[in-house]
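Q: Encoded as structure tokens, here's the structure I'll be asking about.
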Amino acid sequence: MFLKINRVKMLGVMLLSFTLVLSACSNKQSVSKSGSASETYPSDPIEVIVSYSAGGSSDLGTRTLMQYVEKELGVPVVVVNKPGGGGWVGWEELLNSEPDGNTIALINTPNLTTGYMDPNAGRDENLDDFELIANQITDPGVIAIRKDEDRFNSLEELMEYAKKKTTTTTSTGVMGDDHIAALKMNKTFGTKFNAVQNGGTGESTTAVLGGHVDVLFANVGDVTTLYNDKEIKVLAVMSKERSPLLPDVPTLEEEGFEGVVSSSSRGYAAPKGVDEEKMKVLRDAFEKAIQNEEHIKKMEETGLQVNYQDPEAYKASLQKEEKEIEGIKDLLNW
């Protein structure tokens, strides 16, 4: 009788233990399937796609920021350059990646916006296909020339020259900010600027310094070091006000050429479908990294002006840009 009772008790203990094991496994599987356990994310390295060649301000700005993002996330963050297609080689790869939070990308405007709005491109993507993380940089456009340029030494001389002769300018993608700026200049002032497309700012700078392209259309962040080293001459900034990073360079309007404004914003996004808790981890990490005082100082040293925007403000800014692009369809032959 005693032996029988002990066997019953032992069987009960075994059944209880088995039930607890099943429950633990079930909970573990539930967390794994939902992918919502933010305390386990990230555990793998994160890849950041930069859709431009190495050496330009987009690439350098991203690599600098990722040092701080890496510290916040606690895993390696690897930058991979995928230039081409005005940025869309890299962005297509982003949108085709697994929405697991392990692949994100730098997104530049207006290249991103014109890329999906252009009816000739035949793209089905739009802003809703991107999970926005944050904006990092807003970078005004500039017009610059070689320091030994002898055909024109001022903006006025350049404009007079470009009204008479076709003048080549650099551009980092069809319908990017440099390209659109050249088109706006032609329409507003009657110039004959002709944009020469390339894979990134590094190539643009090389082309101008080598005498293969006449004028450098770029951004403040692309030229600050070259300007400080007296390798190029910056004729004007294409913004409403002077850049605090190039305080002695006048605006187009100050030089008597009102009506053209150009800039590029640079932020980060993941593909649509990433778990919301993972997105929160990414957004929190980027917010802290972007607003890190050391990061801001390093950006200023390279000529980049930090302009943090959270996902909501960033989306509103991009939607505003969509409306502005709608207003210049005639320039883009849409």
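Q: Carbon-plus-sulfur fraction of the accessible area of region 124-226, 1.4 Å probe, in percent? Before the final figure, lay out the partial values.
A: On the way: 1700 of 3760 Å².
Exposed carbon and sulfur together represent 45 percent of the surface.
Q: Which entries of Lys280/Lys315; Lys240/Lys288; Lys184/Lys323; Lys163/Lys187; Lys278/Lys323 show an alpha-carbon separation above 20 angstrom in the structure shown?
A: Working: Lys280/Lys315 16 Å; Lys240/Lys288 29 Å; Lys184/Lys323 16 Å; Lys163/Lys187 11 Å; Lys278/Lys323 31 Å.
Check vs 20 Å cut-off fails for Lys240/Lys288; Lys278/Lys323.
Q: So, one more: Looking at the calculated P(r) for region 104-232, what percent of the C-alpha pair distances fall above 23 Å? List each step's numbers first, then the result.
A: Details: 3038 of 8256 pairs.
Across region 104-232, Cα pairs with separations above 23 Å total 37 percent.
Q: Connecting C-alpha atoms closer than 10 Å in a GNM of the chain, tell me which of Met238, Met159, Met175 has the biggest fluctuation.
A: Met159
Q: Is any helix in the chain, taking whole DSSP H runs, at least 15 angstrom long along its axis by alpha carbon and on average at least -1.0 on the Kyte-Doolittle scale, and which ones? Write out the running numbers ahead of the final one.
A: Values: long enough: 2-34 (48 Å, 0.65); 57-73 (23 Å, -0.56); 177-189 (17 Å, -0.43); 276-290 (20 Å, -0.63); 311-326 (23 Å, -1.53).
For the chain, where a helix must reach 15 Å along its axis and average at least -1.0, the hits are 2-34, 57-73, 177-189, 276-290.
Q: How large is ³J(HN,Hα) for each residue in region 264-273, as worked out from phi by the Karplus curve 6.51 cos²θ - 1.76 cosθ + 1.60 (θ = phi - 60°), to whole Hz, x for Gly and Pro?
A: Calculated HN-Hα couplings, in order: 10, 9, 9, x, 9, 8, 10, x, 4, x Hz.
Q: Still on this structure, please answer the following. Show which lysines lie in cross-link reach of Lys147 when reach means a straight Cα distance below 20 angstrom and same-chain residues fewer than eight apart are skipped.
A: Qualifying lysines at Cα under 20 Å: Lys230, Lys233.
Q: Taking springs between alpha-carbon atoms closer than 10 angstrom, which of Pro271, Pro42, Pro140 fluctuates most in the Gaussian network model of the chain?
A: Pro42
Q: Which value, in nm² and rounded to one decimal, describes the direction-averaged projected area of the C-alpha convex hull of region 186-295? Walk me through the numbers before you get to the answer.
A: Details: hull surface 40.2 nm².
Mean orientational projected area (region 186-295, Cα hull): 10.1 nm².
Q: How many Å³ per residue does the convex hull of the Cα positions in the chain occupy? Walk me through the numbers on the way to the answer.
A: Values: hull volume 46.4 nm³, N = 334.
With only Cα atoms used, the chain gives 139 Å³ per residue.
Q: Provide the solvent-accessible area of Tyr227, counting protein heavy atoms only and rolling a 1.4 Å probe, rounded to the nearest 10 Å².
A: Taking all protein chains as shown, Tyr227 has close to 50 Å².
The values are calculated or read from the model by the stated rules, or taken from the named source; none is laboratory data. No experiment lies behind these values; they were computed from the predicted model shown. In case anyone asks, the SASA skips ligands and DNA or RNA and just uses the protein heavy atoms, side chains included. Shrake-Rupley method; radii C 1.70, N 1.55, O 1.52, S 1.80 Å.
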